[in-house]
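Single-structure report; data block below.
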Amino acid sequence: MKKMNFPKRYIIVFLTFICTSVAAHAIGINQSSKGTILSTFYYGYACSQVPGGWAAHKIGGRSVLLPSFLLWSSKTLLAKAIAGKTLLPKRCYCCS
């Protein structure tokens, strides 16, 4: 039987989604909220690709990496502070 070699980045992404799902289940987040959280991550990632690629092309990838990491980290720290202030309703009225 031939051994399959997956790139490490695929394994890391797979484990990230597994860990996110297990952690969300452990603290009682429902499927709808998990979908919202993961789609928010996806939209943020997708929308940053063009500006990030443009900036990396203009000034170099290493010069873009530190500011983008600092911006990402600061937004992550602020997520807890703004968690209670959301535009989404606290309760789904269509399901109750």
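The values are calculated or read from the model by the stated rules, or taken from the named source; none is laboratory data. These figures come from a predicted structure and were not determined experimentally. Cβ atoms come from the backbone with ideal geometry, glycine included; neighbour counts cover every protein chain shown.
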Counting just the residues of segment 7-35 that are surrounded by fewer than 11 Cβ atoms within 10 Å (Cβ to Cβ) and basic (Lys, Arg), which one comes out modelled with the highest pLDDT? Lys8
Please identify the pairs in which a residue from segment 25-51 that is under 20 Å from Lys75 (Cβ atoms) has its Cβ atom under 6 Å from the Cβ atom of a residue that is surrounded by 10 or more Cβ atoms within 10 Å (Cβ to Cβ), counting only partners at least 6 apart or on another chain. Lys34/Ala24
Test: residue in segment 46-54 that is at pLDDT below 80, surrounded by 11 or more Cβ atoms within 10 Å (Cβ to Cβ) and either assigned to a loop (DSSP other than H, G, I, E, B) or among the hydrophobic types (A, V, I, L, M, F, W, C) (or both): no
Tally of residues being assigned to a helix (DSSP H, G or I) and either of a type in the set (Phe, Trp, Tyr) or more than 13 Å from the chain's Cα centre (by Cα) (or both) across segment 23-45: 11
Within segment 4-16, identify whether any single residue is closer than 20 Å to Thr76 by Cα, assigned to a loop (DSSP other than H, G, I, E, B) and β-branched (Val, Ile, Thr), and answer yes or no. no
